[in-house]
Amino acid sequence: MNFLIYILLILFIIFDVVIIFISIEQMIHIIMNHAPSISAGLKSRQAIIDEIIKDFPNAKTIIDIGSGWGTMVNAVAKKNPNIKATGVEIMLAPFLFSYISALFKKNVKFVFGDAFKYLKNTNNKFDIGVAYLLSSEMKDVEKFLSNFDVLLALDFPIPNLEPIKKIRLHKDIIKQHWLYVYKK
Ligand SMILES: C[S@@+](CC[C@H](N)C(=O)[O-])C[C@H]1O[C@@H](n2cnc3c(N)ncnc32)[C@H](O)[C@@H]1O
């Protein structure tokens, strides 16, 4: 009985430490002006998948710039098994979670680090880039537009750059959601 209580206590402490680590990491990155790791909602994810199927059916590679917990990359890769999906995430906890989620998936890869450094250093071009970041970070995304054939930006447009398409998505209690499509 005592043994069981000790095990539960240890699990409880581990759980608390993980939650505290995630919270502190999120706070530090928000202070550094990085978007928090909030996954795009189900409807927004579906809208991106629909847009890819409708307008870019021949896309073979996609990169999520700031892939958070990996939900977007995993969802796109599942619906499009011919696409090679890459996610780059700067926060350790969401990265580890996404990395583990993709351990047995052949067409999914998660990379830990700054997505802008990754884009600068890689020779790879991507058919599609996806971004769900803060407005301030979208200015940096603009510098890397030539790395993608097309960029799908969820909710936060690139300031002062006209998208080739602006898709009105659903409205929820927080806001009207939009998908912006950019081409260099
Ligand atoms: C709002 S979440 C979006 C997550 C995911 N793309 C989705 O749609 O579900 C933004 C994520 O981008 C990450 N991020 C912000 N700036 C980044 C950067 N420069 N490099 C890599 N990741 C970044 C944040 O840590 C956060 O997890």
Criterion: assigned by TED's automatic domain parsing to the domain that holds residue 135, near the ligand (Cβ under 9 Å from one of its atoms) and within 20 Å of residue 179 (Cβ to Cβ) - qualifying residue of 85, 75: 75
Matching residues in the stretch 141-164 - criterion: being touching a strand residue (DSSP E or B) at 6+ places or on another chain (Cβ under 7 Å) and touching a residue at least 24 places away in the same chain (Cβ under 8 Å): 141, 145, 147, 148, 149, 150, 151, 152, 153, 154, 155, 158
Residues of the stretch 46-58 that turn out to be crowded, with 20+ Cβ neighbours inside 10 Å and in contact with a helix residue (DSSP H, G or I) (Cβ under 9 Å, 6 or more places away or on another chain), as a count: 2
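Rundown of residues vs (1) under 20 Å from residue 101 (Cα atoms); (2) modelled with pLDDT of 95 or more; (3) outside any helix (DSSP H, G or I); (4) touching a strand residue (DSSP E or B) at 6+ places or on another chain (Cβ under 6 Å), yes/no style:
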| position | (1), (2), (3), (4) |
| --- | --- |
| 29 | no, no, no, no |
| 45 | yes, yes, no, no |
| 58 | no, no, yes, no |
| 69 | yes, yes, yes, no |
| 73 | yes, yes, no, yes |
Given (1) away from the ligand (no atom under 11 Å from the Cβ); (2) closer than 30 Å to residue 165 by Cβ; (3) assigned to a helix (DSSP H, G or I); (4) touching a strand residue (DSSP E or B) at 6+ places or on another chain (Cβ under 7 Å), number of the condition residue 118 does not satisfy: (1)
Sole residue being buried (at least 20 other Cβ atoms within 10 Å of the Cβ) and outside any helix (DSSP H, G or I), chosen from 110, 104: 110
The lone exception for residue 93 - which of (1) of a type in the set (Gly, Ala, Ser); (2) within 13 Å of the ligand (Cβ to nearest atom); (3) in a loop (DSSP other than H, G, I, E, B) it fails: (3)
Total residues in the stretch 121-156, condition away from the ligand (no atom under 14 Å from the Cβ) and surrounded by fewer than 19 Cβ atoms within 10 Å (Cβ to Cβ): 7
Checklist (1) more than 12 Å from the ligand (Cβ to nearest atom); (2) assigned by TED's automatic domain parsing to the domain that holds residue 118; (3) more than 24 Å from residue 181 (Cβ to Cβ) applied to residue 19, failing item: (2)
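The values are calculated or read from the model by the stated rules, or taken from the named source; none is laboratory data. In this text, all values refer to a predicted model and were calculated from it rather than measured experimentally. Methodologically, a virtual Cβ is constructed for each residue, glycine included, from the backbone with ideal geometry; neighbour enumeration extends over all protein chains shown.
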